[in-house]
Structures are given as structure tokens and as C-alpha cells.
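The values are calculated or read from the model by the stated rules, or taken from the named source; none is laboratory data. This one's a predicted model, so the numbers in the text were calculated from it and none came from an experiment. Positions of Cβ are backbone-derived with ideal geometry, glycine not excepted, and every protein chain shown enters the neighbour counts.
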């Protein structure tokens, strides 16, 4: 039985979430900067897998890819800018696409035209641009203005800029709804047919599970591998949950995204002079906007015991105790974080490893993923 898939299946039943869209996230246990972490999760492009780490290191970001999409699209109006600029038009597109946040489209065009066009022609081009009613100019300005709003310092990652989303900060204080039956009785050696229900599931089982806890010390890798290879049970209860919608702020226009997604073969929609991307790169099978986070799945009032059904000597138990701040499957902290005091080791009468997670604070254990098509 694939460990991660089976644990995901157990949570789907207990939390009553959709098996086709639920992505289980590891690495969120005990996050002491929950709002910042949730903002990163909301903005990530979900991996094409039913199990992932939050947020994936080096993961694609929805906001970044949306900005690239805006630069890949041709004007929505017949504004004649291409005709006004003639052979200089591709140079303007390259300059615009390479610009950093902080400038309006008009100021960018003014700077470019002054540098690259003769004086009289530059003045005419600037007047034409200022009178342009193309909606994409307004959308690019709204997008770039959002990029400086929410600087987030992420442990182990550094400064990251996240545009506004409705949902991440609200999730920390959202009303939690009591589960009718939140009992968990998970056994890694018990067969579970639901573990294979997600058609987009690509997790490879125990090999992937071994990489998730993040015990980075070389001396700990053998111990970690042994823990993952043994029978593991998780019992107890999850008392409440909330499924919180995630909505981009006013920097995002879902209509322009829908228009682009529906224009696979419409050359009028895509700017032939732009190298920012194509329909395939954004909406194809591996498209960077083909999936996005639609909801955060929050859980609370947790009382769970994890037992590793094998005997460990005193030296091994001491080593695990030292590694515990990083967590143990399936309760782990992401890079640069600690699971905190909610997870602790408790004595087991038979010398097995036993851990207990007890917390009332809400934690994000997964997301619902929405597909573009």
C-alpha cells in the first residue's frame, strides 16, 4: 500500500472532501506564521499530483504566470499600435515583457519610445498609446501595482512578494464546523481502494514518502527510512474543519483568463511577437495556469496518535527525539520551520515509537484544486 495515498484516502473520508480535487499537503504542521504560509499556498500552481509539500520549494506561482499571460496576449482592440510602430513593434514588446514592477504601461512606453524612436515619431506614438482603450493595458497596470503590496518573509526562503488574495488570512479565523464523525483509524498495512481514486495522482509511494519528513542529517536517513518502512497507525479524531474559498484580488481578471483558455487556435488572441508563452504553455496538459488552488482545507481540534509498530532501542529513540522538531510522518514542518510543541513523543509500553499531535488551532492540511478545462 502506498503510504501517502492511503493517508490521503483516510482524510478524504473523515473530512468529506472531493477525492477528484483534494490535494494533500505535507509540511504545514505547527506553522507559527500561518497567514504567510497560507498566502504562499494560495498563490502556488499545484503540482500535477494528489500529494505535495506546502509550499513546494521553487514552485510556480499563479500570480507570476498570470503576469506572463498578460504579456503573451495581443491587444483586444484594433488599436493600430503595431502599424504605428512598424518594424519597431517587436522591440517594444521585448522591452515591456522584461520590465520590472514599479512602472505604469504608459511610463514604460514613454521611456522606450524616447530611446528607440525618432523624436517626431515618438511623440505621435506616445499620443496614440495614451489614447489606447485596450483593456490589457489597464490589466497590466493593475497587476504590476499589486506586486509590491504584500512582502512576506518565509523561513528558509527569504523575502517573497505575494499579491492580494481573499481567503488566506481569513482562513486563520474562519468559523470551523464540527465534523459529525471525525474519527481516524488509519493502518498503513490495511488495503484501501480509495487510495487510487484520483485520476491525476502521480505519487510513487514509499519512495516519495521517505523524502517528505525532511530529516536532512545524513546520519538520520537510515532511521527515517526504517520508520517509513514499518507499519504505521494513526488513531484519534479531527474535531472540525473548514473549506475556505481562495479568490485573487483586483489584480486578477478571470474573464481574460477564460478568453485565453478558450482560444487554443485563435491567432488573433496571442501576440505573435511575444515570447511570454502560448496556449500550450499556459493551458495545455502541463500548462502553468491549467490548475490553481480554489479552496484551503483547514482542520482543527486535533487529537491523533501515531504509532510505528517496531521496537526501537534507547539510542534510536533518543535520535528520533532530537529530530522531532522537524516532525514525523504524516505531521511535518516545511523547510525552515518547526512543528512546535503540538507534536510530542509519548512512552509506549512495548517500546514502539509513539507520537501525539494535540492542537485546537486550525491548520491547512490540503487544498482543493480547480482545473482550467
Completion exercise
Among helices (runs of 4 or more DSSP H) entirely inside region 28-97, those with 2 or more residues being at pLDDT 85 or above and surrounded by 21 or more Cβ atoms within 10 Å (Cβ to Cβ) are 34-43, 62-72
Exercise for the section: For residues that are surrounded by fewer than 19 Cβ atoms within 10 Å (Cβ to Cβ) and farther than 16 Å from residue 67 by Cα, tally how many sit in region 244-273. Expected result: 11
Practice task
Go through region 292-312 and give me each residue that's on the phi < 0 side of the Ramachandran plot and out of contact with any helix residue (DSSP H, G or I) (no Cβ under 9 Å at 6 or more places or on another chain).
Solution key: 294, 295, 300, 303, 304, 305, 306, 307, 309, 311
